[in-house]
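The values are calculated or read from the model by the stated rules, or taken from the named source; none is laboratory data. No experiment lies behind these values; they were computed from the predicted model shown. Every residue, glycine as well, gets a Cβ built from its backbone with ideal geometry; the counts of neighbours run over all protein chains shown.
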Amino acid sequence: MTGLRASRIGGPGPIEVGGTGAGYDVARVREDFPILRRQVRGRPLVYLDNAATTQKPQAVIDALGGYYSGINSNVHRGVHQLSELATEAFEAARETVRAYFNASAVEEIIFTRNATEGINLVAATFGRANVGEGDEVLISAMEHHSNIVPWQMLCEASGARLRVAPIDDRGELILE
């Protein structure tokens, strides 16, 4: 094809919520992200603003560079060679994601531009079809704005109640 390939990084291995993270090699995952080699004020960079911009692992940087320099074209929109190659790469990526998450079919895999668009899509489609009067939608007090407004709008339109799980002084969810 074009030399583009997916590379599995990290993975949904065992992560203990509130635990030590045993079984999840954070140092190994950090190695995949070139920007995390930076020092900020003499300490390793820790980037937590992922709702706005997510840092990319080297495999993604390489794949994007290969795409833009080799096959950049419309996906599913043309009959010329570049479009066919771009479509092939796009569908191969969907298959990789399908296999990674053990989805039943590639049609279950939907790419959006970002988390905000994905949340809006879920609230507007699944939410409208399944959330109604008397239902409750639960979010946490630590949500990014983009994960509050779609649920507020859904609850207002459907008659559901939006509930917010509080956090304690350490920033941990209070689940009782």
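Scanning segment 77-86 for residues that are exposed (fewer than 12 other Cβ atoms within 10 Å of the Cβ) and modelled with pLDDT of 95 or more turns up His80, Gln81.
Can you tell me which residue within segment 125-134, out of those that are touching a residue at least 12 places away in the same chain (Cβ under 8 Å) and part of a helix (DSSP H, G or I), is nearest to the chain's Cα centre (by Cα)? Show your work before the answer.
Filtering segment 125-134 for residues touching a residue at least 12 places away in the same chain (Cβ under 8 Å) gives 127-128, 131-134.
If we keep only those that are part of a helix (DSSP H, G or I) as well, we get 127-128.
Working: Gly127: 19, Arg128: 22 Å.
Out of the qualifying residues, it is Gly127.
Filtered by the rule that a residue be of a type in the set (Asp, Glu) and either within 10 Å of the chain's Cα centre (by Cα) or under 16 Å from Thr54 (Cα atoms) (or both), segment 86-120 gives a lone residue, Glu117.
Whether any residue in segment 116-123 is within 21 Å of Leu173 (Cβ to Cβ) and among the acidic types (Asp, Glu) is what I want to check. No - not one qualifying residue is present in segment 116-123.
Let's see how each residue does on (1) in contact with a strand residue (DSSP E or B) (Cβ under 6 Å, 6 or more places away or on another chain); (2) in contact (Cβ under 8 Å) with a residue 60 or more places away in the chain:
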residue: Glu91; (1), (2): no, no
residue: Arg98; (1), (2): no, no
residue: Val106; (1), (2): no, no
residue: Ala123; (1), (2): no, no
residue: Ser140; (1), (2): yes, no
residue: Glu143; (1), (2): no, no
residue: Ala165; (1), (2): yes, no
residue: Glu172; (1), (2): no, yes
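Looking at segment 104-121, can you tell me whether even one residue there is among the aromatic types (Phe, Trp, Tyr) and either in contact with a Leu (Cβ under 6 Å, 6 or more places away or on another chain) or modelled with pLDDT of 95 or more (or both)? Checked against the condition, which is being among the aromatic types (Phe, Trp, Tyr) and either in contact with a Leu (Cβ under 6 Å, 6 or more places away or on another chain) or modelled with pLDDT of 95 or more (or both), segment 104-121 yields no hits at all.
Quick check on segment 59-75. Is at least one of its residues assigned to a loop (DSSP other than H, G, I, E, B), touching a Ser or Thr at 6+ places or on another chain (Cβ under 6 Å) and not assigned by TED's automatic domain parsing to the domain that holds Pro34? There is no residue in segment 59-75 that is assigned to a loop (DSSP other than H, G, I, E, B), touching a Ser or Thr at 6+ places or on another chain (Cβ under 6 Å) and not assigned by TED's automatic domain parsing to the domain that holds Pro34. Scanning segment 142-159 for residues that are modelled with pLDDT of 95 or more and either on the phi > 0 side of the Ramachandran plot or among the hydrophobic types (A, V, I, L, M, F, W, C) (or both) gives Ile148, Val149, Trp151, Met153, Leu154, Cys155, Ala157, Gly159. Among the residues of segment 135-176, the one identified as assigned to a helix (DSSP H, G or I), under 24 Å from the mean Cα position of the chain (by Cα) and surrounded by fewer than 12 Cβ atoms within 10 Å (Cβ to Cβ) is His145.
Residues in segment 50-64 that are of a type outside the set (Ser, Thr, Tyr) and under 13 Å from the mean Cα position of the chain (by Cα): 5 in all. Residues of segment 51-62 include at least one that is at pLDDT below 85, exposed (fewer than 10 other Cβ atoms within 10 Å of the Cβ) and within 24 Å of Gly118 (Cα to Cα). From the list Ala103, Ala93, Ala89, the lone residue that is more than 21 Å from Val60 (Cα to Cα), surrounded by 13 or more Cβ atoms within 10 Å (Cβ to Cβ) and outside the structural domain of Thr125 (by TED's automatic domain parsing) is Ala103.
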